Every structure is written in structure tokens, then in C-alpha cells.
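Student: For reference, the structure I am asking about is given below.
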Amino acid sequence: MGLLADFVVAAPEDVLQYGSQLRSGKPLPPDRFQRAEYKNFTPLALEMLWAILRQEKWDVRSHRLEHAFRTEGGESWLERFPDELVRLISALDETAANQTADAWARADEVPVNSNELRPVLRDLKQFATQARKSGQSLYLWGSL
């Protein structure tokens, strides 16, 4: 099955309900969450993306997603993309996105190749743009 990794756009007051909604098996309200489902993307992989977008070497102090929630057993977590990372992703044009995918694929923490990363970056760009326009936030929800 692997690690579930959803990218979610939601308001901070709604996002904590995301995991419980999924576990309940009920359909997610489309007006509360926009999401893309992927597998095997960790917070570290997204932090690597941030370093690439800044054209820096990854540093734990400079490239951290914001911890929002973790279940007691650690099997699920929620990390918020910092505003700067959202801005950088939303600003990607096609050429920059292709170059970013190539660089990101070289990181050991990234589970796929650059061709597989291109649609991920397209989704992230769409979500980052939506989050900025709507005043919501972009999150990574993960579950084992």
C-alpha cells in the first residue's frame, strides 16, 4: 500500500477534520477540501523541493514544513506549507517547473522520476495558486 500523501487546500479551521473525514468513509465536502492523492511523498521530500526553489542546499533550519497535527501513534500527520513555499510554487512557469522536476528527482528522498513529478508540480501549482487567492492554506496529509 505504501505511504499515503495527499495535498490539501483548506481553511485552518477545517483542515483538522480532513483525516477524520477520510477515516469515516463519508465523501469529503468539496466546498471544504480540494485535494490530490499521491503516495510516498514525505515532509522531507517537500522540504527538498523548497530548497530547490530557493536554489539552496537543504537545511533543516531553513526548509521546514509547519507541523499542524500528528496522531498519538504517529500513523497520520498534517504539515502546512509555509507561505513562502506556497508563493514560490505558485510562481512556477512551465520551463521552471520542468527544471525543478529534474532537480527534485535527483534527491534521494523523492520516490519518482522527473516525468512523474511534472503532474505533481502542476497540482501543487494549482493548489498553491488557489490557496493564495482564497486565503486558505496548502497542506500535506500523510498516513502509513
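No value in this document is a laboratory result; all are computed from the given coordinates. Since the structure is predicted, the reported quantities are computational estimates derived from the model, not experimental observations. Neighbour counts are summed over all protein chains in view; Cβ atoms, including those assigned to glycine, are modelled from backbone coordinates with ideal geometry.
Student: So for the range 46-63 (the condition being buried (at least 16 other Cβ atoms within 10 Å of the Cβ), closer than 15 Å to Y139 by Cα and among the small types (G, A, S)), does at least one residue qualify?
Tutor: no
Student: Looking only at the range 1-45, count how many residues are in contact with a Gly (Cβ under 9 Å, 6 or more places away or on another chain) and not β-branched (V, I, T).
Tutor: Here is the first cut: in the range 1-45, the residues in contact with a Gly (Cβ under 9 Å, 6 or more places away or on another chain) are 3-6, 11, 39-43.
Then keep just the ones that are not β-branched (V, I, T); that gives 3-6, 11, 39-41, 43.
Residues meeting the conditions: 9.
Student: If we keep just the residues of the range 69-83 that are under 13 Å from the mean Cα position of the chain (by Cα) and touching a residue at least 40 places away in the same chain (Cβ under 8 Å), which is surrounded by the most Cβ atoms within 10 Å (Cβ to Cβ)?
Tutor: So in the range 69-83, the residues under 13 Å from the mean Cα position of the chain (by Cα) come out as 77-83.
Now restrict to residues that are touching a residue at least 40 places away in the same chain (Cβ under 8 Å): 77-81.
Numbers: W77: 20, L78: 23, E79: 21, R80: 20, F81: 26.
For the range 69-83, the residue satisfying everything is F81.
Student: So, one more: Tell me yes or no: at least one residue of the range 108-120 is surrounded by fewer than 16 Cβ atoms within 10 Å (Cβ to Cβ) and touching a helix residue (DSSP H, G or I) at 6+ places or on another chain (Cβ under 7 Å). Steps first, please.
Tutor: Initial filter on the range 108-120 (surrounded by fewer than 16 Cβ atoms within 10 Å (Cβ to Cβ)): 108, 113, 115-116, 119.
Next, from what is left, pick out any that are touching a helix residue (DSSP H, G or I) at 6+ places or on another chain (Cβ under 7 Å): 113.
Yes, because at least one residue in the range 108-120 is surrounded by fewer than 16 Cβ atoms within 10 Å (Cβ to Cβ) and touching a helix residue (DSSP H, G or I) at 6+ places or on another chain (Cβ under 7 Å).
Student: Can R35 be described as part of a loop (DSSP other than H, G, I, E, B), within 20 Å of L16 (Cα to Cα) and within 15 Å of the chain's Cα centre (by Cα)? So that I can check it myself, show each step before the final result.
Tutor: Working: part of a loop (DSSP other than H, G, I, E, B): no; within 20 Å of L16 (Cα to Cα): yes; within 15 Å of the chain's Cα centre (by Cα): yes.
Here the answer is no, as R35 does not meet what is asked.
Student: Also, quick follow-up: Which pairs have Cβ atoms under 7 Å, sit 6 or more apart or on different chains, and link a residue in the range 84-111 that is in contact (Cβ under 8 Å) with a residue 40 or more places away in the chain to one that is surrounded by fewer than 16 Cβ atoms within 10 Å (Cβ to Cβ)?
Tutor: P111/N40
Student: Write out, first by first residue and then by second, each pair whose Cβ atoms fall under 6 Å of each other, whose residues are 6+ apart or on separate chains, and whose first residue, in the range 7-27, is touching a residue at least 12 places away in the same chain (Cβ under 8 Å) and under 18 Å from Y38 (Cβ atoms) while the second is part of a helix (DSSP H, G or I) and among the hydroxyl-bearing types (S, T, Y).
Tutor: Cβ pairs passing all conditions: V8/Y18.
Student: Which pairs turn up if I take residues in the range 116-128 that are over 15 Å from A105 (Cβ atoms) and look for partners that are small (G, A, S) and assigned to a helix (DSSP H, G or I) with beta carbon separation below 6 Å, at least 6 apart in sequence or on another chain?
Tutor: If the second residue must be small (G, A, S) and assigned to a helix (DSSP H, G or I), the pairs left are A128/S90.
Student: Keeping to the range 28-48, report how many residues are closer than 19 Å to L92 by Cα and either of a type in the set (F, W, Y) or without any contact (Cβ under 8 Å) to a residue 60 or more places away in the chain (or both).
Tutor: Filtering the range 28-48 down to residues closer than 19 Å to L92 by Cα leaves 36, 45-48.
Still in the running and either of a type in the set (F, W, Y) or without any contact (Cβ under 8 Å) to a residue 60 or more places away in the chain (or both): 47.
Going through the range 28-48 one residue at a time, the tally reaches 1.
Student: Restricting to the range 78-110, what's the tally of residues that are assigned to a loop (DSSP other than H, G, I, E, B) and polar (S, T, N, Q)?
Tutor: 0
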